Amino acid sequence: MASKLQFFLLLSISCASLQITLAGDPDILTDFIPPPSPIAGPLGGNYFTFTGMRALVNAPFPEAFKVTKAAMAEFPALNGQSVSYAVLQFPNGTVNPPHTHPRASELLFVLMGSLEVGFVDTTNKLFSQTLQQGDIFVFPKGLVHFQFNSDASNPALALSAFGSANAGTVSVPNSVFNTTIDDQVLALSFKTDVPTIQKIKSGLSG
Ligand SMILES: *[C@@H]1O[C@H](CO)[C@@H](O)[C@H](O)[C@H]1NC(C)=O
Ligand SMILES: *[C@@H]1O[C@H](CO)[C@@H](O)[C@H](O)[C@H]1NC(C)=O
């Protein structure tokens with residue numbers, strides 16, 4: 001009887017700690033984390049304001065897919081707050097190639113245009129959807145996902161929120177084919193030959 005109780009106790013403790021690890025970045029023991037380097041004068045609202053997105057207002061739409069981030073690196077006040085943003089701009093016919101965010105789930109909000117999106121779970125099942133302006137889609141933490149503006153003549157704009165101040169991005173094409181992993185290793189892994197691997201690599205290394 002006692003051991004059964006102990007088992008359930010252990011189980012509930014491990015479930016609780018699992019919930020803590022899934023909640024986001026580690027909790028901090030202060031109200032916020034002050035600037036990493038000393039600043040002139042007292043700390044004020046400026047530190048908690050990110051103006052980097054102003055550059056997008058009234059700017060011409062980019063010619064290639066573009067991400068503009070407001071994460072810990074750009075906006076140090078996010079350190080310890082478990083949140084960040086990215087603005088995604090898709091000219092007609094452009095893709096955000098398959099990638100993962102190791103430290104966060106992503107909540108994507110289509111502000112303009114439409115997007116084909118999808119993620120692949122750990123059993124290789126694809127979950128895809130066509131999103132229109134106003135739609136919100138969630139990409140579960142750590143899973144491979146993509147977005148594609150299949151519209152041949154209209155751009156698309158989306159805002160993504162992340163459950164981490166530093167979600168991180170692992171690009172599948174880059175992490176596999178744009179490193180110094182030996183061509184032989186890749187040829188064997190993809191059940192193909194070295195020239196095929198080199199051809200794929202040359203397209204990314206430009
Ligand atoms: C995007 O639109 C431009 C101008 O309408 C067109 O020339 C171009 O082919 C389109 N690109 C794609 C990938 O559909
Ligand atoms: C491949 O890696 C190089 C060096 O890190 C980088 O400059 C380039 O943009 C990468 N290619 C792509 C397609 O991202």
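The values are calculated or read from the model by the stated rules, or taken from the named source; none is laboratory data. Just so it is clear, the structure is predicted and the values come from calculations on it, not from any experiment. Every residue, glycine as well, gets a Cβ built from its backbone with ideal geometry; the counts of neighbours run over all protein chains shown. For the accessible areas, the whole protein counts, side chains as well, though only heavy atoms, and no ligand, DNA or RNA atoms are used. Shrake-Rupley method; radii C 1.70, N 1.55, O 1.52, S 1.80 Å.
For the chain, the equivalent ellipsoid derived from the Cα gyration tensor has semi-axes of 32, 29, 19 Å, listed largest first. Each distinct pair of alpha carbons in region 69-134 adds a 1/r term; the inverse of their mean, the Kirkwood radius, is 14.1 Å.
How large is the helix-only mean residue ellipticity at 222 nm for the chain, computed as the sum of -39500 (n - 2.57) over DSSP H runs with n ≥ 4, divided by its residue count, in deg cm²/dmol to the nearest 500? Result for the chain, helices only: -7000 deg cm²/dmol.
With N the number of residues in region 49-168, Rg(Cα) / (2.2 N^0.38 Å) evaluates to 1.04.
How large is the accessible surface of ASP135 in square angstrom, using a 1.4 angstrom probe and rounding to the nearest 10? Solvent-accessible area, nearest 10 Å²: 50 Å². Cα centroids of region 46-62 and region 143-162: how far apart, whole angstrom? Between the Cα centres of region 46-62 and region 143-162 lies a distance of 19 Å. Scaled against 2.2 N^0.38 Å for its residue count N, the alpha carbon radius of gyration of region 121-198 is 1.45. Taking the Cα centre of the chain as origin and assigning +1 to Lys and Arg Cβ atoms and -1 to Asp and Glu Cβ atoms, the resulting dipole is close to 180 debye. Listed by chain and number, the lysines whose alpha-carbon sits under 22 Å from that of LYS69, ignoring those within fewer than 8 places in the same chain, are LYS141.
Divided by 2.2 N^0.38 Å, where N counts the residues, the Cα radius of gyration of region 30-86 comes to 1.36.
Treating each Cα of region 99-147 as one equal point scatterer and applying the Debye formula with no solvent, the log10 of I(q)/I(0) at q = 0.16, 0.29 Å⁻¹ comes out as -0.42, -1.10.
The packing ranking of peptides 103-114, 33-44, 166-177, 58-69, highest mean first, is 103-114, 166-177, 58-69, 33-44, where packing means the average number of other beta carbon atoms within 10 angstrom of each residue. Ignoring any ligand, DNA or RNA, what whole percent of the accessible area of the chain comes from carbon and sulfur when the probe is 1.4 angstrom? Within the chain, the accessible surface is 62 percent carbon and sulfur.
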